[in-house]
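Structure first, then comments.
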Amino acid sequence: MLSKRHIVGWLAALAGAAVAIRAALRVWREALTWEPGMVSDALPLYLSASAVRQGLDPTDPGVLQQIYGQLELHVSMALFSTLYPASTAVLLSPISDQSWSGFLHTWRHIILAVLIVGAAAAGSSTYKGWRALLGATIGVWVALGAYPNTADALGLGQANLLIVGLLSLALAGLARDRGGLTAVMAIVGAAIKLVPAIALWP
């Protein structure tokens, strides 16, 4: 039979889960208010991934501009610079066969899923039972509810949120003494943006 302390703990954890879910839904709704034509941050990712699918150089701004013209896109402040390694384009090429809006929708789903899983894993740390659930929900709420610009970052399709999720998974791996998980997350993160390679140092 559960003690009073455990009952209170589980109730708090469930309440935290409700708050975290509400924050996730709010962030997603607000992200969808960004129309595809307003989203310039994710455009270089889409163009470079499309370049890989066509066998072209994903790091050449001229190639990106050429693909932009071919696809007849109309994105405000269209960017043709490459701020990411070529490996990013390779990783995203499987989802670049969609339209711009389809790619953006899928990309946002990936970002949000990795961010939630990473924040939950880091928050739960090495706890068990209701403490793990409470920690996970606090982690998710901090990632989604504590920062007012999270929804805008997701709406813009910024890779930074994905990096946060990957680094959170790497931290969770360190906490659980799973160096393999930490290394894989750091490598995947570095393949998207070079900064997460710092997680390999510990």
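Considering V63, V114, V142, which residue is modelled with pLDDT of 95 or more and either touching a helix residue (DSSP H, G or I) at 6+ places or on another chain (Cβ under 8 Å) or open to solvent by 50 Å² or more (accessible area, probe 1.4 Å) (or both)? Explain how you work it out, then say what you get.
Details: V63 fails: modelled with pLDDT of 95 or more; V142 fails: modelled with pLDDT of 95 or more.
After ruling out the rest, the residue left standing is V114.
Any residue in the range 71-84 that is within 20 Å of A191 (Cβ to Cβ), surrounded by fewer than 18 Cβ atoms within 10 Å (Cβ to Cβ) and in contact (Cβ under 8 Å) with a residue 12 or more places away in the chain? Break it down stepwise before answering.
Going through the range 71-84, the residues within 20 Å of A191 (Cβ to Cβ) turn out to be 81-84.
Okay, now just the ones that are also surrounded by fewer than 18 Cβ atoms within 10 Å (Cβ to Cβ), so 81, 83.
Still in the list and also in contact (Cβ under 8 Å) with a residue 12 or more places away in the chain: 81, 83.
Looking for residues that are within 20 Å of A191 (Cβ to Cβ), surrounded by fewer than 18 Cβ atoms within 10 Å (Cβ to Cβ) and in contact (Cβ under 8 Å) with a residue 12 or more places away in the chain, one finds at least one in the range 71-84, hence yes.
The values are calculated or read from the model by the stated rules, or taken from the named source; none is laboratory data. Here the structure is a predicted model, which is why all the values come from computation and not from measurement. Backbone-built Cβ (ideal geometry, glycine too); neighbour counts: all protein chains shown. Only protein heavy atoms, including side chains, enter the accessible area calculation; ligands, DNA and RNA are left aside. Shrake-Rupley method; radii C 1.70, N 1.55, O 1.52, S 1.80 Å.
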